[in-house]
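Below: the structure, in C-alpha cells.
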Amino acid sequence: LDNVAHDLRTPLTRLRGTAELTLASPPDVERYREALADCVEESDRVLVMLNTLMDISEAESGAMPLQHERVMLADVAARALDLYRDVADAKDITFESKTDPNIAVSGDRVRLEQVAANLIDNAIKYTPEGGGVKVVVTGDGTRAQLSVQDNGVGISPEEQLRIWDRLFRGDQSRAERGLGLGLSLVKAIVSAHGGSVSVDSQQGKGSTFTVSLPLIPNP
Ligand code: ADP
C-alpha cells in the first residue's frame, strides 16, 4: 500500500500543480491547451496504473473472467512478436522465433497474448541497441512452455527475488518507461491458468523468462 500510495501521489501532485499554476496565470488559450494536455497525460498514467492493479488483484483472487478455449502457443507468440516488430526495428533489435506449431493449451487467448507481449516488451526495453530477442515454444508431454530470451542487461540475483513484486523496478530500469507492474500481471495471469513463470538471468549477459502451462495432448 505504501508503494501504491507513493506511485499514485506523484502523477496526481503534478496534475494538481499544473492546474493550479495555470489557473493563477493570465488567461491564454495556448497555455490552457498545453496544461490540459499535461493533465490528460498524468490522468492516463494514474488510470493505467489503477486498471493494471485491478487486473492483478482479479487474476490473483480468481475473479478475472477468462474465456477458455484451445489456444496454440505458436500463434500467441507470433501475434505478440508482430505487435512489437516496429519497436524492435527502431532499436535495431533482431527477433528470432522457434515455435512448435502443435503445442496447445487451454486458456484465454487475449490474456495469454498479454503475457507474451509483456515479456517481449521487457526483453526489448532491457536490451541495448543491436541486441536480439528470441521466443521459443516447446512441449514435453505434460507441460507447454513459452520462453522469451534476450541478451540484454540481465538481472542481479537479489533483484531476481523482487521483480515479481508489485511496483518493483530494478536499479538500472529507472531510465526506461514503466510502472513495475508488468511481471506481477504476467505472474498473476499465468497462475490463474494453472501455470508458473520463472526467470534465469545473468547480469550483463541476458535473461530468459519461461512460462509453463498445462499442455492439451494432441488428439
Ligand atoms: P517495469 O518494466 O515497468 O519496470 P516489470 O514488472 O515488467 O516492470 O519488471 C520489473 C523489473 O524487472 C524491471 O524494472 C527490471 O528491473 C526487471 N526486468 C524485467 N524484465 C527484464 C529483462 N528482460 N531484462 C532485464 N531486467 C528485466
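Just so you know, all these numbers are worked out from the coordinates, no wet-lab data involved. In this text the structure is predicted, and so the values were computed from the model without any measurement. Note: ideal-geometry Cβ built from the backbone for every residue, glycine included; neighbour counts use all protein chains shown.
Observations
- Residues whose amide H lies under 5 Å from that of Ser97, counting only those 5 or more places away or on a different chain, are Val135; hydrogens are built 1.01 Å from N in the peptide plane.
- In the chain, helices alone account for a calculated mean residue ellipticity at 222 nm of -16500 deg cm²/dmol, with every DSSP H run of four or more residues adding -39,500 (n - 2.57).
- When the chain is treated as a GNM with alpha-carbon contacts under 10 Å, the residue of Gly132, Gly141, Gly154 showing the greatest mean-square fluctuation is Gly141.
- As a size descriptor, the averaged projected area of the C-alpha convex hull of the chain was calculated at 14.2 nm².
- The range 72-212: Lys pairs at Cα distance under 17 angstrom, eight or more positions apart or on different chains: 6
- Ranked His68, His193, criterion: other C-beta atoms within 10 Å, fewest first: His68, His193
- Dipole of the chain [Lys/Arg +1, Asp/Glu -1 at C-beta], most positive-end residue of Asn51, Ile93, Gln145: Gln145
- Here the chain carries DSSP beta bridges of which approximately 85% are antiparallel, counting only pairs with both residues inside.
- Filtered GluC sites (Glu not before Pro), the range 88-138: DSSP coil and at most 11 other beta carbons within 10 Å: Glu129
- Student exercise, the range 1-74 dipole from Lys, Arg, Asp, Glu Cβ charges, in Debye to nearest 20: 40 debye
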